[in-house]
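Below is one structure, written out as structure tokens, with a few remarks after it.
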Amino acid sequence: MVAIEDAVRPLPVARVDFPYRKEGRRAPDRAPKLIASLVADAGDLATSIGADPRNLVLGGRSMGGRMCSMAVAEGLPAAGLVLLSYPLHPPTKPDRLRVEHLPAIEVPCLFVSGTRDPFGTPDELHEAAATISGPVTHHWIEGGRHDMKSADDEICRAVTSWLATLTPPT
């Protein structure tokens, strides 16, 4: 996330922690608390930079991206979503998909995932993302796993290229 922040400068970026991380706990809170935190943080960022919340691109890695996608599906305004290593299902449990909210997403989405991610294969992710109403772009890190180690430069290029394609909402 730090590499992306550096790559998109001078655009304003806010990297935020969920409440459980701020409190020093390892176990995440339930989705409603995480989503409420995201809604508040997005509002704070929009206010601090004087931006229309509809012009913010939200995103995160793994659970952070999933919570952003759920918040947008529930109505949080955004210009787009950047979803890194999206956790489509728990490893070895492809029957436990986390996709119920995807059809409610109407904004452009960028999925950056490794081709060997145990949280979702390319085929599984393509199928799930096809239910999203907004335009979807996939960028695959060849041989990448969920941690996508040593792929910062490629991830940053994918994100900055995709951001350049977005047009502000009217």
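Taken together, the values in this text are just the output of simple stated rules run on the coordinates, not laboratory data. All figures in this text were calculated on a predicted structure; none of them were measured in a lab. A quick note on method: Cβ atoms are made from the backbone with ideal geometry, for glycine too, and the neighbour counts reach across all protein chains shown.
Going by neighbour counts of Cβ atoms within 10 Å, the residues S62, S161, S37, S85 line up, fewest first, as S161, S62, S37, S85. Only helices enter this figure: runs of n ≥ 4 DSSP H residues, each worth -39500 (n - 2.57), summed and divided by the residues of the chain, yield -10500 deg cm²/dmol at 222 nm to the nearest 500.
Counting only lysines at least 8 places from K33 when in the same chain, those with an alpha carbon closer than 26 Å to its own are K22, K93. The per residue volume of the convex hull around the alpha-carbon atoms of the range 1-143 is 118 Å³.
Exposure proxy for L11, L38: other Cβ atoms within 10 Å of each Cβ, ordered fewest to most, give L11, L38. By the count of neighbouring beta-carbon atoms within 10 Å, fewest first, F18, F111 end up ordered F18, F111.
Legend: P(r) of the range 1-53 from all alpha carbon pair distances, 10 Å bins from 0, whole percents, reading 22, 43, 32, 4.
Between K149 and E127, the simple spin-label model (points 7 angstrom out along Cα→Cβ) gives 3.0 nm.
Name the most mobile residue of K22, K93, K33, meaning the one with the largest mean-square fluctuation, in a Gaussian network model of the chain with Cα contacts below 10 Å. Looking only at K22, K93, K33, the largest GNM fluctuation is found for K22.
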